[in-house]
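First up is the structure itself, then whatever we jot down about it.
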Amino acid sequence: MKKIAVGCFLWGEWPEDDPSLGREYVRKLKNSAARNTTVPYDWFEFGDYGMPLTKEFRDYRWNLKKMFMFSEESGLREYDWVLVLDLDIVITGNLDFLLTYQSCHLVTCRGAYQWQKPGGSIIGFDPKREWCENLVLFLRDHKTMVEKETRGSERKYYHMMSGDMIFGEIRYWQDLFPGKIVSYKVDGYVPEASVVRFHGKPRPHQVKEFWLEENWR
């Protein structure tokens, strides 16, 4: 049986308007994933309350800290498939398709507003692939340039590296499973979807709608 890990990141003062809710976001994400999967997996959390980031990755600008998940230090190399979820998603349906689909490429969401560019709400990858280490090594060797070009954006780093021989191509969940992952800002609530992405404001705790209260718990 393949070993699968599912988890998230939490560090710093987040959400910005009420950082005390950070742990509640993690709890609800963890519980929601467990309710909506039949595939066995191990849960992990990186950041201030779970496994701490090493100093190297803590010092990277903004969301480039998430490159920790591709490093050997993360401890994820023992798994065959890793799924990393942003905290501001609401799970509304079965997630088995995210865990059972496996690829030699990085799999992520398309940008909600820039469809041709990668987003970062849901990342799937095989941590044993050589490109994982290459992604980390390139960042280490070109830290100043990458931070300047991406302004610390994880998704902009993926876009920068896409097609490069040390990283390769990107696959997109929306292409693989149409209609299963939607944007609250663009699509609103879609009953047939399994994940509603918020990617910014409003955050889930700022929205009072029946479907969210039923699923985000």
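The values are calculated or read from the model by the stated rules, or taken from the named source; none is laboratory data. If you're wondering where the values come from, they're calculated on a predicted model, not measured in any experiment. Heads up, the Cβs are rebuilt from the backbone with ideal geometry, glycines too, and the neighbour counts pull from every protein chain shown.
Name the single residue that is surrounded by the fewest Cβ atoms within 10 Å (Cβ to Cβ) among those in region 111-134 being among the basic types (Lys, Arg) and at pLDDT 95 or above. So the residue we want is Lys128. Cβ separations smaller than 6 Å between residues 6+ apart or across chains give the following pairs from region 117-131 residues that are within 17 Å of His159 (Cβ to Cβ) and assigned to a loop (DSSP other than H, G, I, E, B) to residues that are at pLDDT 95 or above and aliphatic (A, V, I, L, M): Ser121/Ile89. Counting only residues that are touching a helix residue (DSSP H, G or I) at 6+ places or on another chain (Cβ under 8 Å) and assigned to a loop (DSSP other than H, G, I, E, B), region 132-161 holds 3 of them. With respect to the conditions (1) under 29 Å from Gln206 (Cβ atoms); (2) touching a Phe, Trp or Tyr at 6+ places or on another chain (Cβ under 7 Å); (3) in a strand (DSSP E or B), Val82 falls short on a single one, namely (1).
Pairs linking a residue in region 1-19 that is more than 18 Å from Lys65 (Cα to Cα) to a residue that is loosely packed, with under 13 Cβ neighbours inside 10 Å and among the polar types (S, T, N, Q), with Cβ atoms under 9 Å and 6 or more positions apart or on different chains, are Asp17/Gln206. Screening Trp43 on (1) outside any strand (DSSP E or B); (2) in contact with a strand residue (DSSP E or B) (Cβ under 8 Å, 6 or more places away or on another chain); (3) of a type in the set (Phe, Trp, Tyr) shows it passes everything except condition (1). Per the conditions (1) among the β-branched types (Val, Ile, Thr); (2) over 23 Å from Tyr41 (Cβ atoms); (3) at pLDDT 95 or above, the sole criterion not satisfied by Val107 is (2).
Would you tally the residues in region 170-217 being loosely packed, with under 13 Cβ neighbours inside 10 Å, of a type in the set (D, E, K, R) and outside any loop (DSSP other than H, G, I, E, B)? The total comes to 3.
Within region 11-29, work out how many residues are part of a helix (DSSP H, G or I) and either buried (at least 16 other Cβ atoms within 10 Å of the Cβ) or of a type in the set (Gly, Ala, Ser) (or both). Qualifying residue count, region 11-29: 7.
Looking across Val90, Val107, one residue alone is touching a helix residue (DSSP H, G or I) at 6+ places or on another chain (Cβ under 9 Å), closer than 30 Å to Leu137 by Cβ and not in a loop (DSSP other than H, G, I, E, B). It is Val107. Restricting the first member to region 58-82 and to residues that are modelled with pLDDT of 95 or more and surrounded by fewer than 21 Cβ atoms within 10 Å (Cβ to Cβ), and the second to residues that are of a type in the set (Asp, Glu) and part of a helix (DSSP H, G or I), the beta-carbon pairs closer than 6 Å and six or more apart or on different chains are Arg61/Glu147; Asn63/Glu154. Tallying residues that are more than 16 Å from the chain's Cα centre (by Cα) and within 24 Å of Lys2 (Cα to Cα) within region 15-40 yields 8.
In the set (1) surrounded by 15 or more Cβ atoms within 10 Å (Cβ to Cβ); (2) within 13 Å of Ile4 (Cα to Cα), Val107 fails one condition alone, (2). Among the residues here, Phe167 qualifies as farther than 27 Å from Val207 by Cβ, over 17 Å from the mean Cα position of the chain (by Cα), modelled with pLDDT under 95 and of a type in the set (Phe, Trp, Tyr).
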